[in-house]
Amino acid sequence: EEERYLLSLLSFGLDRVAAEPERLAAEARAGKKETEAHAVENYGAFLESAVCVRNVREELESSGRLLHELAARVPPLETAIGDVADKAAAMERERKDVSTTLKQHSQLLEILEVPQLVDTAVRNEYYEEALDLAAFSRRLLARLPDIPLLHDLVAAVDACEQQLLHQLLAKLQSNIQLPACLQVIGLLRRLGRHTDAELRLEFLHCRDAWLQASIEESRSAAASSANSYSHLCKFTDLIRMHMFEIVTQYRAIFLDFNSLQEDQASEEGGLLYGWAHGRLTHYLAVLSKGLPNLKEGNQIASVLDKAMYCGAYLGREGLDFRGCLAPPFESRVLG
């Protein structure tokens, strides 16, 4: 616009150029009057515009303050929303777990009943079934080691197995035959609480307890009758029968080349021979103590015959002790 005016101004004559300032001043005065006239005519509109501007400014300032307050509250809101989302996710997982648990209710109930089933099996002497259930619980724990309930379940099963162990050892301390001994030792091996050497020692300990109980019973009967002859005869028969049975059972259960070498390596080197040596030493001590109470020669001869027969009988298992009988009988006869 200014360029066009300048171009037109260059085309004016000198008079026109000289009169141009006056013309422009007249136009300015006319424009001012027109503006003033419009201002007077639209005075109310100007006031309303001013009020509107002021209101808008105040509203904008209020909105700005509210926006600042809102911005300050956004981070806590985000945190709260995150917490709600986490809780919702946890509730969803829990809902899924509960749903899965409900679907597997019967299987879970069977698992939770395992300790009770093991206890019932042990009480009713279903030992194989009890060990099968115990093995199942341990396999389950090995697959899911992070579940505390399974640790409690296996602990309860272990307590039942301890009762099973006591029952099996009690059977070894009773009058059982070789097939039952084989079954008990097989169960003890499967139970896994003993090494092979410990199991041999435990077997001898339990069978010795059975032998000792039989001897104590015989001793009580002899004490009531006050008959030393009867006691020595009965004692000798018990040693012969029970020791032979124990040795036979031990060798049938534990016999292998290594154990045979161990038992025969030296006079005191094997578990079996060490136990037998202690038992026969005790027998000879009882014999030496009881012989002086025999007053008749036929009784002494009868006891000697029984002792010799006992030595020969045990000699089948390498426990012939007849050479040790001479001192106590010589002492009695010569004394």
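Here, each number is a calculation from the coordinates, and none is a lab measurement. Being a predicted model, the structure only gives us computed values, none of them experimental. Cβ: placed from backbone, ideal geometry, glycine included. Neighbour counts: every protein chain shown.
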Exercise for review: Specify the inter-centroid distance of the range 62-119 and the range 189-213, based on alpha-carbon positions, in whole Å.
Suggested key: 55
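For Glu61 and Gln212 in one chain, what is 0.36 nm times their gap in residues minus the Cα-Cα distance, to one decimal in nm?
43.8 nm
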Practice item. Rounded to whole Å and ordered largest first, report the semi-axes of the equivalent ellipsoid of the range 140-248 derived from its Cα gyration tensor (root of 5λ). Key: 41, 15, 9
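Under the definition of Cα pairs under 8 Å and six or more residues apart, what whole-number percent is the relative contact order of the range 107-172?
35
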Point to revise | q = 0.14, 0.20 Å⁻¹, the range 196-334: log10 I(q)/I(0) [Debye, one scatterer per Cα] | key: -0.67, -1.19
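Starting with the highest mean, order 2-11, 164-173 by the number of other Cβ atoms within 10 Å, averaged over the residues of each peptide.
Put in order of decreasing packing, that is 164-173, 2-11.
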Exercise for review: Using a 10 angstrom cutoff on alpha carbons, build the Gaussian network for the chain and name the most mobile of Glu34, Glu216, Glu161.
Suggested key: Glu34
Practice item. Based on a Kirkwood Rh over C-alpha pairs, give the Stokes-Einstein translational diffusion coefficient of the chain at 20 °C and viscosity 1.002 mPa s in µm²/s. Key: 70
Point to revise | the range 2-41 - Debye-derived log10 I(q)/I(0), Cα point model, q = 0.24 Å⁻¹ | key: -0.79
Exercise for review: Starting from the amide H of Leu294, placed 1.01 Å from N in the peptide plane, find each other amide H under 5 Å away whose residue is 5 or more places distant or on another chain.
Suggested key: none
Check your understanding: Rounded to two decimals, what is Rg over Rh for the range 107-172 when you use alpha-carbon atoms and the Kirkwood radius?
Key -> 1.00
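Charges only on Cβ, +1 for Lys and Arg, -1 for Asp and Glu: so what's the dipole of the chain about the Cα centre, in debye to the nearest 20?
Details: 36 positive and 50 negative charges, 450 e Å.
Dipole size: approximately 2160 debye.
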Exercise for review: Enter the angle in degrees (range 0 to 90, nearest 10) between the Cα long axis of helix 228-254 and the first principal axis of the Cα atoms of the chain, meaning the one along which they spread out most.
Suggested key: 40
**Study point:** Cα gyration tensor of the range 69-128 - equivalent ellipsoid semi-axes, whole Å, descending
**Key:** 52, 11, 5
Exercise for review: Any chance you could get the radius of gyration and Dmax over the Cα atoms of the range 48-97, in Å?
Suggested key: 20.9, 68
Review point. Taking only C-alpha pairs under 8 Å that are 6+ residues apart, what is the relative contact order of the chain in percent?
Key: 10
Exercise for review: Hey, could you grab the Kirkwood Rh for the range 6-155? Inverse mean 1/r over distinct alpha carbon pairs, Å, one decimal.
Suggested key: 26.0
